[in-house]
2 protein chains.
Amino acid sequence: MPPNLPSVSDSTIRRLSLYLRVLEELNEASEPTVSSRRLAELAGTSAAQVRKDLSRFGSFGKRGLGYAVDPLERHLREILGLQRRWPVVLVGAGRIGSALFEYPYFRERGFEIVAVVDRDPAKVGRRWNGVKIEPVESLSKVVRELGTELGILAIPADDAQATAEALVNAGIRGILNFAPVQLHLRPEIVVNEVNLTLELEALSFALHGSSRATSPERD
Amino acid sequence: MPPNLPSVSDSTIRRLSLYLRVLEELNEASEPTVSSRRLAELAGTSAAQVRKDLSRFGSFGKRGLGYAVDPLERHLREILGLQRRWPVVLVGAGRIGSALFEYPYFRERGFEIVAVVDRDPAKVGRRWNGVKIEPVESLSKVVRELGTELGILAIPADDAQATAEALVNAGIRGILNFAPVQLHLRPEIVVNEVNLTLELEALSFALHGSSRATSPERD
DNA sequence: TTTATCTTGTGAAGCTTTTCACAAACAGGC
DNA sequence: GCCTGTTTGTGAAAAGCTTCACAAGATAAA
Ligand SMILES: NC(=O)c1ccc[n+]([C@@H]2O[C@H](COP(=O)([O-])OP(=O)(O)OC[C@H]3O[C@@H](n4cnc5c(N)ncnc54)[C@H](O)[C@@H]3O)[C@@H](O)[C@H]2O)c1
Ligand SMILES: NC(=O)c1ccc[n+]([C@@H]2O[C@H](COP(=O)([O-])OP(=O)(O)OC[C@H]3O[C@@H](n4cnc5c(N)ncnc54)[C@H](O)[C@@H]3O)[C@@H](O)[C@H]2O)c1
């Protein structure tokens, strides 16, 4: 086993996820192979980038031919850790939480929301498609019993930090955070922030500021 | 007015949005000033990064003191183009669409969903908090009449490309896309992709692959 | 077998972003 | 007015990421 390689960049991983989706589609369309050029086109990047990304993990292609779709799809799943099932705990059974819960594609990819936790007594006890909403007090117990390592935080920003800490104490190692606050947790805990207002603001800047706001105002 | 400066990087813009939120909080807490160090801490970056980011747009701080919270907040709003109101059209009144529609913070930041469009006849005609759901056929008319430049795509992946093109033809210049497909549009159209499965997969990789999958498998 | 054509895998080059480090500026106390 | 302690703004260095360009491997056809 080789020693620690230079770690894989986040952007590479995110692209692998895009490639995987494209490969799924190609597979459904019964395309046997795909070249880096075509894969790049479909995933919105460059052929060289595709090859560089993949070459970090092995040599999956055949020169002159390209990549065999089905095996490459399997390789990517393995690299991304998607062969196993990932039980997930959802904290916050509100608007965004329920949308996520009902989204079928997560489960298809192996992410299964096996527990839902909420603070609101009016929601606790309800059943969502077989999953009972638990009170926040049971969070730790639920996480431990179900062995979940991934958590989705879909609660107001005020409570996000404290609840994230509770998740970590219960054994959660990765968090997808929808609350618009920066979580401060131990460095080995992986956190992905989804900040939709920020996405809109980036659009706002691009439309408003592209020509205008790049000029520094000095006196 | 200076000629075209080297364009501002996307990561800088995204951080500005984070700074803005932190400044809002500091403002509410009546903190008069903030140092780059503290701002960095709260936004999850480094002090040097904060100063570099801000210095692209002007000199907003005072040496020895830091930045005055309220004026800096206003500067950032101006840079990001948030002084004006941004009317937004929402395409897809489903699970994620309704969560977004009901999210109050967008409006607070100036992003106001003024039109909702859906294909489902059962949904068309309903009123959401004063906004009537329109049929897809009216998309172009609605966009033109309301003068919306921003669109949110919250429909299944199959229809996303065609509908995105319809949005662009109607005059939309920026799109926030929740459908998990890469949109191919004219380069002057700004698109931000929100891919939640990808976010979970990045977590999966980090937990599964951190120690394991970085080793290339060669024969 | 040889030739023509394709496409990968990958060092090296080029580019972008982040970090470093320090002079210059400012406030407050004496 | 001058010293002390602080913090910005910014070139320069370092690190990281993407693109380039091509040798090497593979196929197919003659
Ligand atoms: N709705 C959106 O489209 C949207 C968009 C961007 C960001 N967000 C963010 O996502 C988060 C959730 O938003 P939402 O619109 O679903 O809110 P919501 O009010 O609809 O739902 C929040 C849910 O969390 C529960 N809750 C509150 N505090 C809790 C706690 N400490 N522990 C457990 N449960 C708790 C509430 O009872 C409620 O059911 C917020 O941080 C919001 O800023 C939402
Ligand atoms: N729900 C989630 O949490 C979630 C998570 C990640 C990604 N997404 C993506 O967001 C998109 C929407 O997901 P959803 O869960 O809200 O789906 P949904 O089925 O609940 O809602 C989709 C809505 O779009 C409407 N629609 C379909 N085709 C249309 C068209 N051509 N024009 C106008 N309206 C049309 C449907 O009538 C429906 O109301 C999908 O691409 C999905 O992959 C959703």
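Structure notes:
- Restricted to region B:134-152, and to residues there that are closer than 15 Å to B:Glu112 by Cα and surrounded by 16 or more Cβ atoms within 10 Å (Cβ to Cβ), the residue that is farthest from DNA strand C (Cβ to nearest atom) is B:Val142.
- Top-ranked residue of region B:169-211 - restricted to ones that are touching a Lys or Arg at 6+ places or on another chain (Cβ under 7 Å) and of a type in the set (Val, Ile, Thr), ranked as farthest from A:Leu200 (Cα to Cα): B:Thr197
- Residue in region B:172-194 that is within 14 Å of chain A (Cβ to nearest Cβ), surrounded by fewer than 19 Cβ atoms within 10 Å (Cβ to Cβ) and either more than 19 Å from A:Thr45 (Cα to Cα) or among the small types (Gly, Ala, Ser) (or both) present: yes
- Among the residues listed as A:Leu65, A:Leu23, A:Leu42, the single one being more than 16 Å from ligand 1 (Cβ to nearest atom) and buried (at least 21 other Cβ atoms within 10 Å of the Cβ): A:Leu23
- Filtered by the rule that a residue be of a type in the set (D, E, K, R) and not in a loop (DSSP other than H, G, I, E, B), region B:95-124 gives B:Arg95, B:Glu102, B:Arg107, B:Glu108, B:Glu112, B:Asp118.
- For B:Leu18, the stated conditions hold: it is in a helix (DSSP H, G or I), modelled with pLDDT of 95 or more, away from ligand 2 (no atom under 16 Å from the Cβ) and within 16 Å of A:Leu196 (Cβ to Cβ).
- Residue list for region A:51-74, filter: touching an Asp or Glu at 6+ places or on another chain (Cβ under 8 Å) and either within 16 Å of ligand 2 (Cβ to nearest atom) or assigned to a strand (DSSP E or B) (or both): A:Gly58
- Unique residue being out of contact with any Lys or Arg (no Cβ under 7 Å at 6 or more places or on another chain), within 16 Å of ligand 2 (Cβ to nearest atom) and over 23 Å from A:Ser138 (Cα atoms) when the list is A:Arg77, A:Arg84, A:Arg107: A:Arg107
- Scanning region A:74-91 for residues that are touching a Phe, Trp or Tyr at 6+ places or on another chain (Cβ under 8 Å) and either within 9 Å of chain B (Cβ to nearest Cβ) or closer than 17 Å to A:Ala154 by Cβ (or both) yields A:His75, A:Ile79, A:Leu80, A:Gly81, A:Trp86, A:Val88, A:Leu90.
- Among (1) within 8 Å of ligand 1 (Cβ to nearest atom); (2) within 30 Å of A:Leu23 (Cα to Cα); (3) in contact (Cβ under 8 Å) with a residue 60 or more places away in the chain - the single one A:Ile155 does not satisfy: (2)
- With respect to being free of Cβ contacts under 8 Å to residues at least 60 places away in the same chain and either away from DNA strand D (no atom under 16 Å from the Cβ) or away from every other protein chain (no Cβ under 12 Å) (or both), B:Gly130 fits the description.
- Region B:70-120: number of residues that are within 30 Å of B:Arg51 (Cβ to Cβ), surrounded by 16 or more Cβ atoms within 10 Å (Cβ to Cβ) and touching a residue at least 24 places away in the same chain (Cβ under 8 Å): 11
- Flag if B:Glu199 is surrounded by 15 or more Cβ atoms within 10 Å (Cβ to Cβ), facing another protein chain (nearest Cβ under 9 Å) and in a helix (DSSP H, G or I): yes
- Qualifying residue in region B:44-64 (condition: away from DNA strand D (no atom under 13 Å from the Cβ) and within 7 Å of chain A (Cβ to nearest Cβ)): yes
The values are calculated or read from the model by the stated rules, or taken from the named source; none is laboratory data. All figures in this text were calculated on a predicted structure; none of them were measured in a lab. Virtual Cβ from ideal backbone geometry, glycine too; neighbours counted across all protein chains shown.
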